[in-house]
Structure formats: C-alpha cells, structure tokens
Amino acid sequence: MTAKKRIVFVVNPISGTQGKKAILKWIDERIDRALFDYSIVKTQYAGHAVEIAAAAAKDNVDIVVAIGGDGTINEIGRSLVHTNTALGIIPCGSGNGLARHLHIPMDAKAAIDLLNTGECTCVDYGKINDMPFFCTCGVGFDAFVSLKFADSGKRGLLTYLENTLHESLTYEPETYEIENEEGTIKYKAFLIACANASQYGNNAYIAPQASLTDGLMDITILEPFTVLDVPSLSFQLFNKTIDQNSRIKTMRAKKIKIHRTKEGVMHYDGDPVMGGKDIEVELIPHGLNVIISNKKKEEEPFSLLQQIVEYFSGLKPKHEELIKQKYNHLFVLNRHLLRRLSKK
C-alpha cells in the first residue's frame with residue numbers, strides 16, 4: 001500500500017481581494033483523502049510563510065500550497081528551492097502572474113482539483129540582489145507603481161490601474177547601463193523588466209516569449225515613448241505582442257548587471273524594495289518543483305472591460321452608491337489623463 005502524501009496549505013488571510021473561508025471549506029470537501037493527509041496554517045505576519053514552508057521542507061512534506069498571490073508564492077517558493085518539496089498554488093491574489101503562466105485555474109475549486117490530478121515539474125527561478133523571484137523583477141516605472149500600490153491600502157486591478165494612470169503623467173525615465181556577457185549598453189528607459197515568467201499578472205504579458213524552463217531570463221526594455229505610442233503599447237501588452245513594438249528592446253541572458261545614477265526602488269514579484277545604484281539579476285535553472293496541470297489549457301483572453309464589469313457586478317446591491325463613486329472616479333482619471341495629453 002502506497003503511503004499518503006502530505007500537504008500543508010498556507011493561507012494568507014489578507015492577500016488579494018477575496019476572503020478565504022470558502023476556499024478552506026472547499027479543500028475539506030474536494031481534496032482526495034485517499035492520496036493526501038493535509039493541514040492548514042494561516043500566516044500571522046509578513047515573512048511567516050517563509051518560516052512555515054522552510055519547516056515543512058525540513059520535515060519532508062511533499063507539497064506546500066500557497067493560497068494567496070505572487071507575494072505569498074514568493075515567500076513560500078524561496079523556502080522550497082532546491083528541496084524535494086513541491087509548490088502548489090491556489091491563486092487568489094491581485095494579479096496571479098505565475099499561476100496564469102502555469103495555466104493553473106483561477107477558480108479555486110478547479111485549482112484544488114488540480115492538486116489531486118496534476119503533475120510535478122521543475123522550473124527556473126531568479127535572484128535580484130540575492131532576493132529570489134519566480135515571475136518578474138525590475139526597475140523603473142513598474143517598480144515605482146508597485147511601491148504606490150503597496151502603500152495604497154487597497155488591492156485589485158482597478159487600484160493598480162488608478163495608480164498607473166496617476167503616476168504615468170509625471171514619471172521621468174532614467175538612464176541605465178546594462179552589462180551582460182556581450183558587453184555594456186546604455187539605455188534611457190521607462191522600465192527594465194527581467195522575466196522568468198511571461199507576465200506581470202492579469203494577463204499583462206511584459207515578456208511574451210519567456211519560458212520557466214529554458215535557463216534564461218527575458219529582459220524587456222521600454223524606451224521613452226510619446227502619447228501616440230500609448231494605445232499600441234497598451235494593446236500589445238495584453239495581446240502578447242509587446243516585443244514587436246519599436247519602443248521595446250529585448251535580450252536574453254542568464255545574468256546581467258544594471259547600473260543607475262541613483263538609488264531607488266526595484267521590485268521582485270511585485271513587491272517593492274529600495275536598492276542601490278548597482279543591481280545584479282541572475283537566473284538559476286531548475287530550482288523549484290511545482291504542481292501543474294497535465295492537460296493543455298486554451299489561452300485565456302484578456303478583456304479589461306470584462307474584468308471591470310465583473311468587479312462591479314461582484315459587489316452587493318447595497319453598495320450601489322460605492323459603484324457610482326468608483327465609476328465617477330475612473331471617469332475623472334481618464335478625463336484628467338486626456339487633458340494632460342492634449343497639452344503635450
């Protein structure tokens with residue numbers, strides 16, 4: 001008789017935009033008890049998931065499942081690299097970039113079912129100044145917006161879009177030097193994204209050709225652009241063709257060094273942190289075991305309008321006034337943006 005595998009579910013109660021009580025109920029209802037013994041642990045503070053996952057790996061637990069977003073996945077994943085313990089994901093964060101890249105269902109019930117039937121694969125991960133990342137890291141505008149998003153006190157796609165609209169009006173591109181095996185090149189850039197996975201989250205594909213198993217990072221450099229470039233850049237970001245834009249420069253490397261003229265913010269998997277003038281980013285091949293689907297999944301189309309409608313329709317009728325306020329706020333933001341652009 002084959003021994004049951006052990007699973008530890010790690011719940012971040014505050015990640016994302018939804019509660020977790022229903023997910024815990026579904027785990028109890030849907031996990032295959034003939035295959036698994038499981039326990040559930042709730043995180044109590046930032047970094048707690050790191051400790052929980054490290055203890056589980058030391059105890060030779062078979063799977064540690066992250067119930068949360070890319071930040072929770074990062075905390076758990078960094079403790080599981082180069083161990084026999086696999087990472088499982090029930091995505092319920094704000095962007096879910098790694099889960100989307102791996103075609104893990106966004107529906108929690110389906111993600112639980114996947115744990116019963118999925119297979120294990122070994123993927124790459126990266127480090128930015130020795131801090132692990134599994135999806136993307138970078139400097140420039142995306143890191144700056146990550147900082148604003150973290151300080152906003154609210155989560156979700158609309159909050160991210162609001163911060164992006166506000167800050168894009170005044171953000172000034174910086175000059176960077178990028179050193180790789182072929183030499184050093186200087187760029188004036190809006191952002192530099194180093195991607196292990198293809199997207200930030202919410203199907204925003206900053207590096208559409210990126211692979212989690214090729215041993216290389218896909219580096220995307222967005223050079224300064226004009227107002228006329230905004231529609232095409234926005235469309236291509238969500239249409240998996242941004243690498244075809246003339247404002248985009250790309251390269252692949254296992255390791256790069258980035259030099260900037262001043263200290264500032266950088267991000268890893270969407271979490272902002274302050275860094276120095278010199279930044280080292282490298283990829284470590286085949287370092288993390290992950291549970292993925294063994295079935296081919298159709299591409300998930302992105303519709304910004306659809307996501308906004310779903311967001312508002314998910315609010316209860318008693319929040320009708322809140323809905324009006326949110327729509328009015330978005331209208332004001334767009335009007336402000338158009339007014340500023342028309343003056344340039």
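Solvent-accessible area per residue in the stretch 1-148 equals 41 Å², computed with a 1.4 angstrom probe and all protein chains kept.
Highest-first packing order for the peptide set 191-202, 276-287, 221-232, 127-138 is 191-202, 127-138, 276-287, 221-232, based on the mean count of other beta carbon atoms within 10 Å. Of the peptides 235-246, 92-103, 263-274, the order by per-residue mean of other Cβ atoms within 10 Å, starting with the highest, comes out as 92-103, 263-274, 235-246. Looking at the stretch 1-76, the chymotrypsin sites (Phe, Trp or Tyr not before Pro) that sit in a DSSP loop and have at most 16 other Cβ atoms within 10 Å of their own Cβ are 45. Let me know the shape class of the stretch 1-103, please: from the alpha-carbon gyration tensor, a ≥ b ≥ c as square roots of the eigenvalues, rounded when a/c is under 1.5, otherwise prolate if a/b is greater than b/c, or oblate. Note, shape of the stretch 1-103 comes out oblate.
For the stretch 44-50, backbone phi angles converted through the Karplus equation (6.51, -1.76, 1.60; θ = phi - 60°) give residue-by-residue couplings of 10, 6, 4, x, 5, 4, 4 Hz, Gly and Pro being listed as x. Measuring nothing but how far apart in sequence close Cα pairs (under 8 Å, 6+ apart) lie, relative to its length, the stretch 4-54 scores a relative contact order of 57 percent. Amide H contacts for residue 190 (H built 1.01 Å from N in the peptide plane; partners 5 or more residues away or on another chain; cut-off under 5 Å): 222, 223. Strictly over 21 Å apart at the Cα level, which of 127/254; 188/240; 20/127 would you flag in this model? Over 21 Å apart, Cα to Cα: 188/240; 20/127. Apolar share of the accessible surface for the stretch 1-81: 52 percent from carbon plus sulfur atoms, 1.4 Å probe.
Phi-derived couplings, Karplus 6.51 cos²θ - 1.76 cosθ + 1.60 at θ = phi - 60°, listed residue by residue for the stretch 196-210: 8, 9, 7, 9, 6, x, 6, 6, 9, 8, 7, 9, x, 9, 5 Hz, with x used for Gly and Pro.
The values are calculated or read from the model by the stated rules, or taken from the named source; none is laboratory data. All values reported here derive from a predicted model rather than from experimental measurement. A quick note on method: Cβ atoms are made from the backbone with ideal geometry, for glycine too, and the neighbour counts reach across all protein chains shown. Accessible surface is based on the protein model in full, side chains and every heavy atom, while ligands, DNA and RNA are left aside. Shrake-Rupley method; radii C 1.70, N 1.55, O 1.52, S 1.80 Å.
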